[in-house]
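Working notes, beginning with the structure itself.
What follows draws every value from the coordinates through simple rules; no lab data is involved. All values reported here derive from a predicted model rather than from experimental measurement. A quick note on method: Cβ atoms are made from the backbone with ideal geometry, for glycine too, and the neighbour counts reach across all protein chains shown.
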């Protein structure tokens, strides 16, 4: 009986002690409440990119890993490629950038692709290819940034500037074998051709070039071009993504952008509460602008695979 | 003060046959339980006022919310406590749910000649007999459904405790929450974003930062027609998020305090023999059985009396003959 009596006493004791603790709480509130966490909460407004038409608030990523700056040894002695890029944007302005990339960096990227055999996910391949091409991408980005600063290009104009640069080299198919596909008679010519029939055979694995290869050869199809545009825009602080899905001609890849107002809105992909507008980057033709998907009748299974 | 009288009907008459010491113990146990219940209901009432003040920003609605939450809490807690107050004197419990064994000897007995007082004596004798037969409480019988009902009861109490806990935390940390909200309200970035226009199509523009900034300032800037009470925000969810982030793991500890506070009466009633095995519940059960038995005897006597009256005063042959004609 005495043991049973203890339940009453212990429960009663616990109740009054807890009650006393709760009533004493206001005297020690300063210890438990941290106002500093509000500052952290507010950081979400700074970390997220916000775009407005005339001025852009973007993550100031330092471009320190470009092909030239990384080299500790005498770079003059190392063999380099001179790359010149000429294009015009949708507003009709002409642009030209010139930059150098080390042959060694390009070769490393090519070797990385050729030795890449294990498929985990599209996201991993894309990120690995970007990582392998980082010095070359950074060289191009540095040249673009200098040009944009000089011309005071800001906001959505930066998007137009970068994407039109990638769109300008003609579409070149990367595939196992060059043959009649998608209504085009592709020929085995791994150069951007004016007639758009260029094709590179035996591109393994996955028929995808690394961004370094594209920058050097200006040759690539949908996923290669989208990947380069994605890598450049991500480094500039835009909320870019790689979109993959199906059109009436089969599987396709595109650049995706969120937090932007589309130029020609037609289709979009919803991913984790955000709207990603697609951007067809394979060609620089009229209407191939952000959000416009009128060039494709079929629109199936589109999703964000990398962001 | 005998609080238990108003909640559990703890009256002197139940303890006429009980020792003074036992009566005192039962008095303490039930008054303690009643006091706990009163404190918890008052806590719920106060928490309701705090919620009302934040949601409606008007004292009159705050008090109405307090009364509502207090009332809901009172009914729920009482329900849970009463559901657990089943006597451990299992034979009495069985008689309460099925009294056929008690009334069986009187089904064929002629009660017409017995007065009310004599019936009362029969009922009281039965009560004394049952009291004598049930001196030692039996251990409670387990049934699988007990697990299910216990889970529901504990869940109900935990929901209630978390509601009350949040209300109290709002009140205790109100000044600190207001400081945090003021930091948000005066933040340059928020104000800068709020200056911008939200794009025409909100769904398609994705300018959610601008929308968020507009919303934040709308919630945090005091309106002349609706001044702030307690918390300087019109959004309870925003205040809750800020408080949750600022308290971190301490919030779990405080919520746990309230959970323990609300669960204690339930544990007490469930585990202490002072309640299920106590004299009070036994006497209440005996009283219920006796009352029910007494009313059975009265009803039975009346039936027998009416039957006799019909038999003596009505000529069935004559009535049948009249009907056939």
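Using only the Cα atoms of the protein assembly as shown, what semi-axes does the equivalent ellipsoid have when each is the square root of 5 times a gyration tensor eigenvalue? Give whole Å, largest first.
Numbers: eigenvalues 1370, 206, 119 Å².
For the protein assembly as shown, the ellipsoid semi-axes come out as 83, 32, 24 Å.
Looking at segment A:57-306, send over the antiparallel percent of its DSSP beta bridges, to the nearest 5.
Working: 30 of 34 bridges.
If I count the DSSP bridges inside segment A:57-306, around 90 percent turn out antiparallel.
The simple Förster model, with R0 at 25 Å and r as the Cβ-Cβ distance, assigns residue B:6 and residue B:128 a FRET efficiency of 0.30.
With each label modelled as a point 7 angstrom along the Cα→C-beta vector, the residue A:112-residue B:192 pair spans 3.4 nm. With neighbour counts taken as other beta-carbon atoms within 10 Å, the residues B:157, B:60 rank, fewest first, as B:60, B:157.
Does segment B:32-169 come out rounded, prolate or oblate by the C-alpha gyration tensor, with a ≥ b ≥ c the root eigenvalues, rounded set by a/c under 1.5 and, if not, prolate when a/b is larger than b/c and oblate if not?
Values: a/c = 3.78, a/b = 2.39, b/c = 1.58.
Cα axes put segment B:32-169 in the prolate bin.
Secondary-structure-derived ellipticity at 222 nm for the protein assembly as shown, considering helices only, amounts to -18500 deg cm²/dmol, per-run term -39500 (n - 2.57) for DSSP H runs with n ≥ 4.
For peptide A:35-43, the mean count of partner chain Cβ atoms within 10 Å of a residue's Cβ comes to 6.
Using a ≥ b ≥ c from the Cα gyration tensor of segment A:57-306 (square roots of the eigenvalues), is it rounded, prolate or oblate, where a/c under 1.5 gives rounded and otherwise the larger of a/b and b/c decides, a/b for prolate? Spell out each step's value before the answer.
Values: a/c = 1.45, a/b = 1.14, b/c = 1.27.
It comes out rounded by the Cα gyration axes.
Each of A:27, B:250 was scored by other Cβ atoms within 10 Å of its Cβ. Listed from fewest to most, they are A:27, B:250.
For peptide B:257-264, compute the average count of partner chain beta-carbon atoms within 10 Å of each residue's beta-carbon.
If you average over the peptide's residues, the count of other-chain Cβ atoms is 5.
Report the extension gain between residue B:72 and residue B:321 in nm, rounded to one decimal, defined as 0.36 nm multiplied by the number of residues separating them, less their alpha carbon distance. Walk me through the numbers before you get to the answer.
Details: separation 249, 0.36 × 249 = 89.64 nm, distance 6.52 nm.
Working it through step by step, the gained length comes to 83.1 nm.
Each Cα pair of chain B feeds into the Kirkwood radius, which the Stokes-Einstein equation turns, at 4 °C and 1.567 mPa s, into a diffusion coefficient of 51 µm²/s. Going from the fewest other Cβ atoms within 10 Å to the most, the residues A:189, A:89 appear in the order A:189, A:89. Each of residue B:39 and residue B:237 was given a label point 7 Å from its Cα along the Cα-to-Cβ line. The distance between the two points is 3.5 nm.
With contacts taken as Cα pairs under 8 Å at a separation of at least 6 residues, chain B carries a relative contact order of 29 percent. For chain B, the longest principal axis of the C-alpha atoms and the axis of helix B:236-247 are separated by about 80°. Here the gap between residue B:107 and residue B:314, fully extended at 0.36 nm per residue and compared with their Cα-Cα distance, gives a gain of 72.1 nm. Working from label points 7 Å from Cα in the Cα-to-Cβ sense, the residue B:19 to residue A:100 distance is 10.6 nm. Against chain A, whose longest principal axis is taken from its Cα atoms, helix A:134-151 shows a tilt of about 90°.
The overall shape of segment B:68-143 is prolate: from the C-alpha gyration tensor, with semi-axes ordered a ≥ b ≥ c, the ratio a/c is 1.5 or greater and a/b exceeds b/c. Given R0 = 22 Å, the distance between the Cβ atoms of residue A:13 and residue B:156 translates into a calculated FRET efficiency of 0.35.
Considering only DSSP beta bridges where both residues belong to the protein assembly as shown, give the percentage that are antiparallel (nearest 5).
On the way: 34 of 38 bridges.
For the protein assembly as shown, the DSSP antiparallel bridge percentage is about 90.
Take each residue in B:34-46, count the other chain C-beta atoms within 10 Å of its C-beta, and the mean is 1.
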